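**Q** Dumping the structure here so I can ask a few things about it.
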């Protein structure tokens, strides 16, 4: 029989400190890699647009604008995920410390 959460048991859902540290580190790595790629794209943007003053150049310029927008959205979402993982890690550490102190 399904409960308040359907067939999902919320008590079985957790992230260990190591899980969260892995998420934080991988997210930081992804942000760094995205910044590296974006720097390369931005470094070539002006010369590509200047060299292509045709219809194809305009299409390229539009795609670069889309890239720029999508890049910032992606980095923002990764940063938000990282902030949430860091907050959850702090809550886990605090809860663990408080529980240990109460058990003494």
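Where a number appears in this text, it was derived from the coordinates with a stated rule and is not lab data. From a predicted model like this one, the values you see are computed outputs, not experimental measurements. Neighbour counts run over all protein chains shown; Cβ positions are idealised from the backbone, glycine included.
**Q** Multiply the residue separation of residue 35 and residue 18 by 0.36 nm, subtract the distance between their alpha-carbon atoms, and state the gained length in nm to one decimal.
**A** So the chain would gain 3.6 nm between residue 35 and residue 18.
**Q** Counting other beta carbons within 10 Å of each residue's own, what order do 53, 21 fall into, fewest first?
**A** Working: 53 10, 21 14.
Ranking 53, 21 by Cβ neighbours within 10 Å, fewest first, gives 53, 21.
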